[in-house]
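Please read the structure below before turning to the comments.
The values are calculated or read from the model by the stated rules, or taken from the named source; none is laboratory data. Since we're looking at a predicted model, the values are computed, not measured. Heads up, the Cβs are rebuilt from the backbone with ideal geometry, glycines too, and the neighbour counts pull from every protein chain shown.
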Amino acid sequence: TPLTTTRNAEISERDRRSVFHSWSAQRTLAPLPLAGGSGVEVWDADGRRYLDFSSMLVNVNIGHQHPRVVAAIQEQAAQLTTVAPAHANETRAHAAELVLERAPEGFSKVFFTNGGADANENAIRMARLTTGRDKIVSHYRSYHGNTGAAIVATGDWRRMPNEYSRGHVHVFGPYLYRTEFWAETPEQETERALRHLERTVQAEGPDTIAAFLFETIPGTAGILVPPPGYLAGVREIADRYGILLILDEVMAGFARAGEWFAFDAFDVRPDLITFAKGVNSGYVPVGGVVISDAVAQVFDDRVFPGGLTYSGHPLAAASIVAAQQAMADEGVVDNARRIGDEVIGPRLRQLAEESPLVGEVRGRGVFWAVELVADRATREPLAAARIGAIKTAMLERGVLGFFAENRVHVVPPAVIGDADAHRGLDVLAEVLQAEAARG
Ligand code: PLP
């Protein structure tokens, strides 16, 4: 080993040899080793610090290593580290009670899962069994998770109530900046996206559709804040045709959008809510489904054919209880909303006026997208190589960004203060200026 080898280099090399990474061709990967963190900062194995403008995978809403959440996990570990889902457990009941407190009237139960994907799997299952229909309509611009085969591969009786011959239908949702509907105003975008949705329902056959599964604010797809009236219109169409509405709050929920649930900011009530990420900031893997009374009652006397070994795991439950209590006590949701309204929003809008590389900015709370373009008139996305250069330049200046396609997402922990938010936004502005000058 050369004398110049650092801890970072050594860890990277061991990672490269043995760890298989998500969503990647493995050969060219060079992941940044992270060794520790606190609040809005993380540091690598050589002690270099970074401002975390990514919240990892947009999930560390309460910041890194929150002492109350860490202590709660430690205490639960000392008491009972694991318990089968069929047993009752006080910590799990407490976690469910606190999640239900954030939900609107008319929600009565929580089903816990290991993460967001299986939360959506189980919400879909509930919707199909409740309606007796099988198709699920979702948006092309969406991400709902990475599962889909295990229960159908299963051989025993549990497979049978989960076998469906018809599956999924997609529609375009509203996205005025790159409209599919030739719209020029948010009102037109709403009206035409709703018409497209309703025509799709009619063409598919309304009595074949169990649910709409929509992210309240599509996240990875570009933080596409729905225009006024869209979600209310979705609810109306759902009601007209006896379709359930599942809102995926995995990324948008628990302070990310400056609300407990992002749909609190819109005129809509879902039948099922899926959550993960921000509920405990990912300190232990967990997700779940918040179930309305009407859907919960279907399973009062009927077997629910779904379950997971770690459903309601006590370490996850303890981290939810502590994270929820700390978020409430520290006003984290209000902080996220205020930072969005007073710091991130105004700074990004200013950047959109000044930088030739910024086509549009949009978002709320600590959930913002900056759409980078080669040409503001044609809206041609900025080339991948230039996006990569921007990412590297931000990292060199100590800011860890979140990048998706031609966008940088400004998604810091919801606990971020004004000074740190400005520090990260200064770096973004400087880097964009340098990149624009480089051409
Ligand atoms: N739903 C949304 C909106 C997401 O953003 C994600 C993950 O990014 C998921 C579901 C899947 O969650 P998980 O990766 O925990 O399975």
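Couple of notes before you dig in:
- Qualifying residue in region 363-373 (condition: part of a strand (DSSP E or B), in the same structural domain as Leu432 (by TED's automatic domain parsing) and at positive phi): yes
- Matching residues in region 384-403 - criterion: being under 25 Å from the mean Cα position of the chain (by Cα) and assigned to a loop (DSSP other than H, G, I, E, B): Gly398, Gly401
- Residues in region 215-256 that are of a type in the set (A, V, I, L, M, F, W, C) and out of contact with any helix residue (DSSP H, G or I) (no Cβ under 6 Å at 6 or more places or on another chain): Ala221, Ile223, Leu224, Val225, Leu231, Ala232, Val234, Ala238, Ile243.
- Some residue of region 42-60 being hydroxyl-bearing (Ser, Thr, Tyr), within 16 Å of the ligand (Cβ to nearest atom) and assigned to a helix (DSSP H, G or I): yes
- Residues in region 107-160 that are out of contact with any Asp or Glu (no Cβ under 8 Å at 6 or more places or on another chain), among the charged types (D, E, K, R) and more than 16 Å from the ligand (Cβ to nearest atom): 5 in all.
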